[in-house]
Amino acid sequence: MSFLEVKDLQVYFPIKGGIFNRTVDYIKAVDGVSFELEQGKTYGLVGESGSGKSTTGRAIIGLEEVTSGQIFFEGKDITDKKAKNKNFRKDVQMIFQDPYSSLNPRKRVLDIVAEPLRNFEKLSKQEEKKRVQELLDIVNVSTDSIYKYPHEFSGGQRQRIGVARAIALKPKLIIADEPVSALDVSVQAQVLNFLQEIQKELNLTYLFISHDLGVVKHMCDNISIMYKGRYVEQGSTKDIFENPQHIYTKRLIAAIPDIDPKNRDKQFKFRQEVAKEYRESYDTYFDGDGLAFGLQSISNTHKVALPEKG
Ligand code: ADP
């Protein structure tokens, strides 16, 4: 039994039009994606903006309606919103990109972090304060900050407060949607390392959503690369970085900045090769609508989107 299994997920958004405001077409935000996530591991969904990463995460947690496909959590079918019961809502939490807009600016840290506790547990004011202080301690924010407001903290500290809130109910799975993209590069590494530390301490499983392949390489055990709602490639982090097969994956890898001057010539050459391959073999990788084909297995762990043979 997989910890989390997503099977052939589709999430379509209707486009309305005409004088009767009928559905005239659909935006296929997620168009048939599947993956399995093991407990305690980190799974990365990568791709450029608009490729369907957030919608996948939001559909799993229940913020978007599933058009078709199935989602299983700990063996239980939770595709339907009604199946996402109280336990599920405790076990699965989300961390968002911009901690400033996801934390209510008019509320104090105590109320922000205590909110999930108030929804699920009946604690006295004293117990609640103690729990919030314990949580702030875990995320390394001073425990006497509980009466402060979000604007009184730096971006990195705000994201830590967002994490304190997300772990308040001792979840099993955290869906982290671009959790460091709004932070300065210097702070990103600190927050990523901290997320890895608490993963071990609290036995957390992460679904990690990012447009940044460099960040995902650092964080993830397995990766799916998304393009226009579909997968172009799926594999272990080693498969993806040491043996990329799809031209789109190669383009993303080539775009990761390498700051080491020793690698400058090598990277320049790789970028040129990838650009040439993209021009010359586009039709090998994309259909007439510019979409990725279905995934074909090339090893036990590695799949790539290519036209079916025969
Ligand atoms: P990503 O996370 O990779 O940036 P998203 O999942 O946010 O991508 O979006 C995928 C596609 O779905 C985009 O074309 C986006 O505009 C569209 N989309 C997302 N949410 C909605 C919505 N609520 N209504 C209509 N279209 C949406």
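The values are calculated or read from the model by the stated rules, or taken from the named source; none is laboratory data. What you are looking at is a predicted structure, and each value in this text was computed from that prediction instead of being measured. Cβ atoms come from the backbone with ideal geometry, glycine included; neighbour counts cover every protein chain shown. Surface areas here come from the heavy atoms of the whole protein model, side chains and all, with no ligands, DNA or RNA. Shrake-Rupley method; radii C 1.70, N 1.55, O 1.52, S 1.80 Å.
With the requirement that a residue be assigned to a loop (DSSP other than H, G, I, E, B) and either closer than 15 Å to G47 by Cβ or within 16 Å of the ligand (Cβ to nearest atom) (or both), what does the stretch 201-228 give you? Spell out how you get there, then give the answer.
Residues of the stretch 201-228 that are assigned to a loop (DSSP other than H, G, I, E, B), as a first pass: 203-204, 211-212, 220-221, 228.
Listed by number, the residues that qualify are H211, D212, C220, K228.
Would you call N193 open to solvent by 10 Å² or more (accessible area, probe 1.4 Å), at positive phi and at pLDDT below 95?
It is false that N193 is open to solvent by 10 Å² or more (accessible area, probe 1.4 Å), at positive phi and at pLDDT below 95.
Residue by residue, here is whether (1) touching a helix residue (DSSP H, G or I) at 6+ places or on another chain (Cβ under 8 Å); (2) of a type in the set (V, I, T); (3) outside any helix (DSSP H, G or I) holds:
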site: K129; (1), (2), (3): yes, no, no
site: N140; (1), (2), (3): yes, no, yes
site: Q159; (1), (2), (3): yes, no, no
site: L169; (1), (2), (3): yes, no, yes
site: L183; (1), (2), (3): yes, no, yes
site: S186; (1), (2), (3): no, no, no
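Within the stretch 11-20, which residues are within 15 Å of the ligand (Cβ to nearest atom) and more than 17 Å from the chain's Cα centre (by Cα)?
Those that are within 15 Å of the ligand (Cβ to nearest atom) and more than 17 Å from the chain's Cα centre (by Cα): Y12, F13, P14, I15, K16, G17.
Residue check, S210 against (1) open to solvent by 50 Å² or more (accessible area, probe 1.4 Å); (2) within 17 Å of M94 (Cα to Cα), all met but one. Which one?
Only one criterion is unmet by S210, namely (1).
Quick one: how many residues across the stretch 9-22 are loosely packed, with under 12 Cβ neighbours inside 10 Å and in a strand (DSSP E or B)?
Number of matching residues: 4.
So, in the stretch 42-65, of the ones that are touching a strand residue (DSSP E or B) at 6+ places or on another chain (Cβ under 6 Å) and open to solvent by 30 Å² or more (accessible area, probe 1.4 Å), which residue ends up nearest to G235 (Cα to Cα)?
It comes out as S54.
Any idea which residue in the stretch 57-82 is farthest from V33 (Cα to Cα), counting only those that are under 19 Å from the mean Cα position of the chain (by Cα) and part of a helix (DSSP H, G or I)?
Per the stated criteria, the residue is I61.
I'd like the full set of residues that are within 19 Å of N203 (Cβ to Cβ) and of a type in the set (S, T, N, Q), limited to the stretch 59-108.
N87, Q93
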